[in-house]
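Colleague: The structure that follows is given in the form of structure tokens.
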Amino acid sequence: MNKVILMGRLTKDPEVRYTQSSNTLVASFNLAVNRRLVKQGEERQADFISVVAWSKIGEFCSKYFQKGQQVGIIGRIQTRSWDDEQGKKHYATEVIAEEAYFADSKKENTGANNPFDAFDSTGANDFEIQQDDLPF
């Protein structure tokens, strides 16, 4: 099973590009994900994880995600390699986003986005939250 669940902050706005062959949208961004344990006397450490979102989920991320925003991503790890012009081999490990969520609290999220909205690559969420149903 290959499943990743991340919550972190975007280090910059998503970068958008389109594939040459099929003109498919691809959004790329990095998440700063805090490590769970902090050694006494040291600052909290974070890992910077590359995320790639394709097609509709990429469109969602590019439209609503921005630098500093806390988001949740569910996806899978994928590795790839390529040779550059000098023949040197390069490797990359990325998370391919399958679901994307706003994770900021309602007070922190000052934009027009509803922090309880999410994009699920299946095109449907498992449930819908009504604002009147929330206990806060």
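Colleague: If you bin every alpha carbon distance in the stretch 45-102 into 5 Å steps from zero, what whole percent lands in each bin?
Modeller: The percentages, shortest bin first, are 4, 15, 23, 21, 14, 12, 8, 3, 0.
Colleague: Using amide H atoms built 1.01 Å from N in the peptide plane, name the residues 5+ places from Glu98, or on other chains, whose amide H lies under 5 Å from its own.
Modeller: HN-HN under 5 Å from Glu98: Ile74, Gly75, Arg76.
Colleague: Find the accessible area per residue for the stretch 1-113; the probe is 1.4 Å, ligands and nucleic acids are left out, and the unit is Å².
Modeller: Result: 70 Å² of accessible area for each residue.
Colleague: On the accessible surface of the stretch 40-102, probed at 1.4 Å, how many percent belong to carbon and sulfur atoms?
Modeller: Carbon and sulfur together cover 44 percent of it.
Colleague: For the stretch 4-88, what are the per-bin percents of Cα-Cα distances with bins 5 Å wide, up to the bin holding the maximum?
Modeller: 3, 12, 20, 20, 16, 12, 8, 5, 2, 1, 0
Colleague: Between Trp82 and Gln40, what's the calculated FRET efficiency when r is the beta-carbon distance and R0 is 41 Å? Round to 0.05.
Modeller: Result of the calculation: an efficiency of 0.45.
Colleague: While we're on this one: What are the ³J(HN,Hα) values, in whole Hz, obtained from phi via the Karplus relation 6.51 cos²θ - 1.76 cosθ + 1.60 with θ = phi - 60°, for each residue of the stretch 65-79 in sequence order, with x given for Gly and Pro?
Modeller: Whole-Hz 3J(HN,Hα) from phi for the stretch 65-79: 8, 8, 3, x, 6, 8, 9, x, 10, 10, x, 9, 7, 9, 10.
Colleague: Something else: Skipping prolines and chain starts, which residues have an amide H placed within reach, meaning under 5 Å, of the one on Asp104, given they are 5 or more residues away or on another chain?
Modeller: The answer is Gln70.
Colleague: Still on this model: Gain in length, Lys67 to Asn2, computed as 0.36 nm per residue apart minus the alpha-carbon separation, to one decimal in nm?
Modeller: Result for the pair: 20.7 nm of gain on full extension.
Colleague: Further question on the same structure: For the pair His90/Asp47, report the inter-label distance in nm, with labels modelled 7 Å from Cα in the Cβ direction.
Modeller: 2.2
Colleague: Continuing with this model, one more query. Kindly report, to the nearest 10 Å², the accessible surface of Phe102 as traced by a 1.4 Å probe over protein heavy atoms only.
Modeller: 20
The values are calculated or read from the model by the stated rules, or taken from the named source; none is laboratory data. These numbers come from a predicted model, not from an experiment. Quick reminder, even Gly has a Cβ in these numbers, built from the backbone with ideal geometry, and neighbours come from all protein chains shown. Surface areas here come from the heavy atoms of the whole protein model, side chains and all, with no ligands, DNA or RNA. Shrake-Rupley method; radii C 1.70, N 1.55, O 1.52, S 1.80 Å.
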